[in-house]
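Written below as structure tokens is the structure these notes are about.
The values are calculated or read from the model by the stated rules, or taken from the named source; none is laboratory data. Being a predicted model, the structure only gives us computed values, none of them experimental. A quick note on method: Cβ atoms are made from the backbone with ideal geometry, for glycine too, and the neighbour counts reach across all protein chains shown. Just the protein is used for accessible areas: all its heavy atoms, side chains included, with ligands, DNA and RNA removed. Shrake-Rupley method; radii C 1.70, N 1.55, O 1.52, S 1.80 Å.
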Amino acid sequence: MVIHTEKLTNKYYLTMAKIKLEFEKLSILRPKERWQLYFVIVAEHPEDNDKMVLTTTPEPYIRLTPRQKNVLNFVPEASDDGADGLFVLERDMPEDRRIKVRVYLRHCRKHTRSAGAMLQQVKGQLGKHAFDIVGDMLGAGALPWLVISKEALPLIGGVLRSIKDRDFGFVSMDEEFDEEFETQTELDRMNNFSTGDARIVWSWSVDE
């Protein structure tokens with residue numbers, strides 16, 4: 001019997017590693033060129049399989065002006081390959097090497113917004129499906145996260161639509177960390193938001 005030690009080592013590496021999600025580039029596919037944008041992120045709870053967590057970033061919002069021509073590059077220009085995008089979350093590799101993440105894009109219609117107030121509003125509307133608001137849940141520093149039940153995931157879109165901001169829809173950033181991550185530590189993905197009015201490029205990476 002031949003044992004492929006290299007493959008076993010790679011799979012062990014994936015199991016013991018940390019995974020990280022970053023946003024690389026956002027494009028708005030609408031003629032208007034002034035936007036006040038923010039993301040709502042829903043991800044699996046890192047410790048409880050029956051729960052998910054929700055946050056919103058940044059605060060107050062991303063201001064997109066006509067000079068940017070509806071394109072925002074989160075990765076700064078650099079002479080090397082070490083530049084990072086917009087950090088979203090980091091956690092230990094799930095046991096099944098799969099993760100669910102939904103990202104919603106919104107345009108704020110007000111001059112100011114509060115991430116904490118929005119989480120409280122979402123919590124109130126989800127009722128029994130919402131739990132505590134906690135901090136530093138997924139390595140995102142000061143971001144507050146609302147803990148919700150997995151059953152609440154189909155309700156999120158309706159709750160957000162009740163908040164009178166423009167809705168660009170959502171993108172699924174679900175990932176399975178399979179063979180392609182055995183030879184590469186970072187992979188880029190791209191998709192349109194569900195309304196077709198915006199496109200995003202993101203990356204999943206695996207670190208020791």
Solvent-accessible area per residue for the stretch 2-187 (1.4 angstrom probe, square angstrom): 54 Å²
Longer than 22 Å from Cα to Cα, which of Lys20/Lys110; Lys123/Lys150; Lys20/Lys100; Lys123/Lys164; Lys51/Lys123 are they? Say none if no pair is. Lys20/Lys110
Take the Cβ-Cβ distance between Glu90 and Ile163 as r, set R0 to 25 Å, and report the resulting FRET efficiency rounded to the nearest 0.05. 0.35
How large a share of the accessible area of the stretch 61-140, in percent, is made up of carbon and sulfur atoms when the probe is 1.4 Å and the other protein chains stay in place? 44 percent
Straight distance only, please: which lysines reach the Cα of Lys69 with their own Cα at less than 16 Å, same-chain residues fewer than 8 apart left out? Lys25, Lys32
Once label points are set 7 Å from the Cα along Cα→Cβ at both Arg98 and Thr183, what is their separation, rounded to one decimal in nm? 2.4 nm
Tell me the Rg and the Dmax, in Å, that the Cα atoms of the stretch 153-205 produce. 14.6, 45
Extending each Cα 7 Å along its Cβ direction at Lys18 and Glu151, get the distance between those two points in nm, one decimal. 3.5 nm
Measuring from the longest principal axis of the C-alpha atoms of the chain, the long axis of helix 5-16 (C-alpha) lies at a number of degrees, nearest 10, equal to 30 degrees
Scaled radius of gyration (Cα, divided by 2.2 N^0.38 Å) that the chain gives: 1.08
